[in-house]
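S.K.: Sharing a structure here in structure tokens format.
Every number in this text was worked out from the coordinates using simple rules, so none of it is lab data. Source: prediction; values computed, not measured. Note: ideal-geometry Cβ built from the backbone for every residue, glycine included; neighbour counts use all protein chains shown.
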Amino acid sequence: MNCPNCGQPVPEGLAESRCPACGRPLSEPLPGGGAPVAEPVFERVTGPGGGGRSGTPWDRRSDMGFITALWRTLRDSMVRPADFFRSMAVGGPQCSPVSYALILGTIGFGAGLFWQGLIALGMGMAGGEVNRQEMGIYLLLVPFAPLLVLMGLYVGTAILHFFLWIVGGARNGIGATFRVVCWANGIQILNAIPFCGGLIGAVWVLVAEVIGIREAHETTTGRALAAVLLPLAVCCGFVAIIGILAAILIPAYVSAAKGGL
Amino acid sequence: MQAGESPIWRGIGAAGMASIAGALLVLWAFPGAAGVLACPLKELTSVPCPTCGTTRALLALAKGDAWSALRLQPLVTTGVGLGFLASAWLAAGGRFPGRAHSVLRPLAAFVVAANWLYLILDGR
């Protein structure tokens, strides 16, 4: 089936009723809605590990153009993550996801360091204490940003896959986890937004990773959520916080329910 | 192991070695830059979280004081040592079996719980 608006082929079994290429409703062609494009956006990946999944726009950057492919991949991974990760290949060469994550991740990481340094400098100019060592480390890290992003991709994959294995959700191998981490890492570009961008980006990446793990490993949302949040739980101990809240809220709920009877 | 995963395991090995060595090097060179953050769980409940003491243990490791590091945070210190060895093995082409032994999963949970209990009993 092709989209009535843009003419792009629509992958079979698409959960949403919108075209993954142009985002318009499949059932409601717009008046004069765009000339059909001969070049398909989604194409079956026939390489090793393709497994009948469609590729991402970035996989087709040589046909679509660098900027268009980069933008569509970022947009799809942020706005339609379920369809995006469902269409992602879970195997094959690493160069496509790694190059995408390196470009956007490095920009985001560099921007994050820039804002951190600027805030530290601003605090010093406002009369606060400037931590020279802290600023020195920021400056020292900037040239190593691509290397640090690359290391982060691999270390992040190892941690995420370990916890996915712990919860019994690792069905498609570490290649699938690695690709989810890479494609989701592009959202780190939000670090370029001053002050709140880092926090928004971090939450958005977590959400994308949960959906990506679920779709790439064909596992449940609960297992994917557990795999992504368990490393944070181990670090921040919020399992215990949830336990404490449950210990307060459950008796309160039970006594309220008894009072209502 | 699925096709195409070999470079990923090698990459994880190389990144793991670089991360551990790099973190210890930075902590050795700039010990004052490692801000020891107050654990939110301990602040709220006086109970340490499972990773409490990690920064102090890494600082001790960076100084070469492995015994103090082990006393401060046994799991992280052992994990750093074993992680470095496992990373070197992966980078050299070693591979984990596709399906892990069934006892490993409960063992991992037990080790984390035992470490946490030690931190609580030790009064961290």
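S.K.: Which value, in debye to the nearest 20, describes the size of the charge dipole of segment B:6-121 about its Cα centre when Lys and Arg Cβ atoms bear +1, Asp and Glu Cβ atoms bear -1, and nothing else is charged?
M.R.: That gives segment B:6-121 a dipole magnitude of about 260 debye.
S.K.: Continuing with this model, one more query. So how do A:E218, A:E209, B:E43, B:E5 line up by other beta-carbon neighbours within 10 Å, fewest first?
M.R.: B:E43, A:E218, B:E5, A:E209
S.K.: Between A:L199 and A:V79, how high is the FRET efficiency from 1/(1 + (r/R0)^6) when r is the Cβ-Cβ distance and R₀ = 25 Å? Nearest 0.05.
M.R.: Efficiency at R0 = 25 Å is approximately 0.85.
S.K.: Calculate the FRET efficiency for B:A88 and B:V47 from the Cβ-Cβ distance with a Förster distance of 56 Å, rounded to the nearest 0.05.
M.R.: The computed FRET efficiency comes out at 0.95.
S.K.: Something else: With r as the distance between the Cβ atoms of B:S68 and B:I120 and R0 = 22 Å, compute the FRET efficiency 1/(1 + (r/R0)^6) and round to 0.05.
M.R.: 0.70
S.K.: Arrange the following residues from fewest to most other Cβ atoms within 10 Å of their Cβ: A:L232, A:L190, A:L206.
M.R.: Result, fewest neighbours first: A:L232, A:L206, A:L190.
S.K.: Over the C-alpha atoms of segment A:57-233, what are the Rg and the largest Cα-to-Cα span, Dmax, in Å?
M.R.: Here Rg and the maximum Cα pair distance are 17.2, 55 Å.
S.K.: Step through the residues of segment A:75-84 one at a time and calculate ³J(HN,Hα) from phi using the Karplus curve (6.51 cos²θ - 1.76 cosθ + 1.60, θ = phi - 60°), rounding each to whole Hz and writing x for Gly and Pro.
M.R.: Whole-Hz 3J(HN,Hα) from phi for segment A:75-84: 4, 5, 5, 8, 9, 10, x, 4, 5, 4.
S.K.: Over chain B, with a single point scatterer placed on each C-alpha, what log10 of the ratio I(q)/I(0) does the Debye formula yield at q = 0.23 1/Å?
M.R.: Relative scattering, expressed as log10 I(q)/I(0), comes to -1.28.
S.K.: Order by neighbour count: A:T56, A:T221, fewest other Cβ atoms within 10 Å first, most last.
M.R.: With the sparsest Cβ surroundings first, the list reads A:T221, A:T56.
S.K.: Please turn the phi angles of segment A:104-111 into ³J(HN,Hα) values with the Karplus equation 6.51 cos²θ - 1.76 cosθ + 1.60 (θ = phi - 60°), one per residue in order, whole Hz, x for glycine and proline.
M.R.: Those phi angles translate into 6, x, 5, 4, x, 5, x, 5 Hz.
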